[in-house]
Amino acid sequence: MGRTELGHRLIYAEGIFDLTAAGNLLGTIATDRRLATDFFGAEMRMDRDFLGDGARRRLDAIFGRQ
């Protein structure tokens, strides 16, 4: 896979049995990664919880940083 792929993930799907469904999933992933790059400057940002950063700040404000 190579060093340039560090941090990227293997795409895996269960229950997809036709080419159209596989193409739709791949299209969604490609769109999410482009959006994440354009809006957040981080290609994998949409692969994790979209609200995660704000939620982390809010929890830190409520409970303090542990």
* Tally, over the stretch 33-46, of residues that are part of a helix (DSSP H, G or I), within 20 Å of THR4 (Cβ to Cβ) and charged (D, E, K, R) -> 3
* Could you check how many residues of the stretch 13-46 are exposed (fewer than 10 other Cβ atoms within 10 Å of the Cβ) and over 13 Å from the mean Cα position of the chain (by Cα)? => 7
* Residue selected from the stretch 3-29 under the condition charged (D, E, K, R) and part of a loop (DSSP other than H, G, I, E, B), by the criterion nearest to GLU43 (Cα to Cα) -> ARG9
* To do: Take ASP49 and decide whether it is within 13 Å of the chain's Cα centre (by Cα), part of a helix (DSSP H, G or I) and surrounded by 10 or more Cβ atoms within 10 Å (Cβ to Cβ).
  => no
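One line per residue, one yes/no per condition, for (1) in contact with a Leu (Cβ under 9 Å, 6 or more places away or on another chain); (2) β-branched (Val, Ile, Thr); (3) at pLDDT below 85:
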position: GLY2; (1), (2), (3): no, no, yes
position: HIS8; (1), (2), (3): no, no, yes
position: GLY15; (1), (2), (3): no, no, no
position: ASP32; (1), (2), (3): no, no, no
position: GLY41; (1), (2), (3): no, no, no
position: PHE50; (1), (2), (3): no, no, yes
position: ARG57; (1), (2), (3): no, no, no
position: ILE62; (1), (2), (3): no, yes, no
position: GLN66; (1), (2), (3): no, no, yes
* Asked: Can you tell me how many residues in the stretch 52-66 are exposed (fewer than 11 other Cβ atoms within 10 Å of the Cβ), under 30 Å from ALA30 (Cβ atoms) and aliphatic (A, V, I, L, M)?
  -> 0
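The values are calculated or read from the model by the stated rules, or taken from the named source; none is laboratory data. As the structure is a computational prediction, the values presented were derived from the model and not from experiment. Here Cβ is always computed from backbone atoms with ideal geometry, including for glycine, and neighbour counts include all displayed protein chains.
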